[in-house]
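The values are calculated or read from the model by the stated rules, or taken from the named source; none is laboratory data. The shown structure was predicted, so the numbers you read here are calculated from the model rather than taken from an experiment. All Cβ positions, glycine included, derive from the backbone under ideal geometry; neighbour counts span all protein chains shown. These area figures cover heavy atoms from the full protein model, side chains too; ligands, DNA and RNA do not enter into them. Shrake-Rupley method; radii C 1.70, N 1.55, O 1.52, S 1.80 Å.
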Amino acid sequence: AVCGVRGAWLASLNPAWNKPGAGGAAPVNADEVWQTGSLSERAAALALVRRHAPARGRELVRSTWAGDGADERRRFVEVLGAACSMEDEPFLESALDDKSKTVRRAAAAALGALAGSRLRARMTERARAMIVVEAGKGGGKKGRRVTLRPPQEFDKAWERDGLEEQAPGGVGKRAWWLRQALGAADLSVLTEVTGLDPAGVLEAIGEDDYFNDALVAITGAVKLRADVAWAGPTLRCLLRGKKLEIESLGALAGALPPEARDALLLEAAAHDRFN
């Protein structure tokens, strides 16, 4: 009550602050605020409404979508994405066709974090096409060799799902495409295609030219989804790497449930690298 609507919006951005009662009830004048408030006031009201009535919040966004500016649409998509469900998926999917690139990126980020979304399914199929399992000596299970083969050309249709063609400095184009697709895919695609468990997958691709790029993508996906099955094997790969970023270890563990997080941090602390 002391913080008001903006304080409640701020609290909604950090799960650690999202405690029972924090932010109070949805504002009774939410409809009025939505029609006449500033961007920050509308975003704050939307965050509160979403906590108590998710569908109503989504309908507020729909009600003014056609008349809202790009900055407003982007911010509202970000609020929806902070705690979205499959009920929000059709609306967020439609936002991938928005005329604003920032809105499309926000929608893609939200859908990439949503299990079961059509975007996740498309990314998974793109990642699947980059994983090649061959019979032969060395690597993989039962003599199979696992390699990563990003496409030679960028498909313009990928832009709708937030994939960018141009890579940042220091990253090759094909490596960049792999990072984006694999990072937004279901990590289970790696175990399904190869028949290996997460540790086995990482070992099998350990000598591949794109291994470091795959590790970046997998690490990001584990952080985003708090994937316990992949967390341990990923941490061990990071510990074995030539360049170790402590921040990455902390972020990786911090995304997990308390019991899994503590076990992972204890394992890291006991590693030879720190002794």
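Just to check I understand the Karplus step: with θ = phi - 60° and J = 6.51 cos²θ - 1.76 cosθ + 1.60, what whole-Hz values come out for the stretch 223-235, glycine and proline as x?
For the stretch 223-235, the Karplus curve yields 4, 5, 10, 6, 7, 5, 4, 9, 4, x, x, 5, 4 Hz.
Which distance in nm do the two modelled labels at residue 240 and residue 71 give, with both placed 7 Å along the Cα-to-Cβ direction?
Once both label points are built, they end up 4.9 nm from each other.
Past the 21 Å Cα-Cα mark, which pairs from 99/223; 223/243; 101/156?
99/223
In nm, to one decimal, how far is the residue 97 label point from the residue 197 one, both placed 7 Å along Cα→Cβ?
4.5
Helix-derived [θ] at 222 nm for the chain: sum -39500 (n - 2.57) over DSSP H runs of at least 4, divide by residue count, nearest 500? All intermediate terms of the calculation are to be shown ahead of the outcome.
On the way: 15 runs with 160 residues, N = 275.
Helix-only estimate at 222 nm: -17500 deg cm²/dmol.
Which length gain, in nm to one decimal place, applies between residue 132 and residue 13 when the Cα-Cα distance is subtracted from 0.36 nm times their residue separation?
38.9 nm
Once fully extended, how much extra length lies between residue 247 and residue 149, figured as 0.36 nm per residue of separation less the alpha-carbon to alpha-carbon distance?
Full-extension gain reported as 32.4 nm.
If you keep only loop residues by DSSP, which trypsin sites (Lys or Arg not before Pro) in the stretch 212-275 have at most 15 other Cβ atoms within 10 Å of their Cβ?
Here the trypsin sites (Lys or Arg not before Pro) that fit, given the DSSP loop and packing criteria, are 242, 243.
Counting only heavy atoms of the protein chains, get the accessible area per residue of the chain (1.4 Å probe) and round it to a whole Å² value.
Per residue, the chain has 52 Å² of solvent-accessible surface.
If you take all C-alpha pairs in the stretch 33-145, what percent of them are over 18 Å apart?
Summing the P(r) tail past 18 Å for the stretch 33-145 gives 55 percent.
Rank-order 93-100, 44-51 by packing density, defined as the average count of other C-beta atoms within 10 Å over each peptide's residues, highest first.
44-51, 93-100
Using amide H atoms built 1.01 Å from N in the peptide plane, name the residues 5+ places from residue 131, or on other chains, whose amide H lies under 5 Å from its own.
Amide H neighbours of residue 131: 149.
Starting at 0 and stepping by 10 Å, how many percent of the alpha carbon pairs of the stretch 120-220 end up in each bin?
16, 52, 27, 5
Using 0.36 nm per residue of separation minus the Cα-Cα distance, give me the extension gain between residue 38 and residue 118 in nm, one decimal.
25.5 nm
Report in % the part of the accessible area of the stretch 126-275 that belongs to carbon and sulfur, leaving out ligands and nucleic acids; probe 1.4 Å.
Summing carbon and sulfur atoms, their accessible area is 52 percent of the total for the stretch 126-275.
Counting just the Cα atoms, what span does the chain cover along each of its three principal axes? Round to the nearest Å and put the largest first.
Sorted largest first, the three principal extents are 68, 46, 32 Å.
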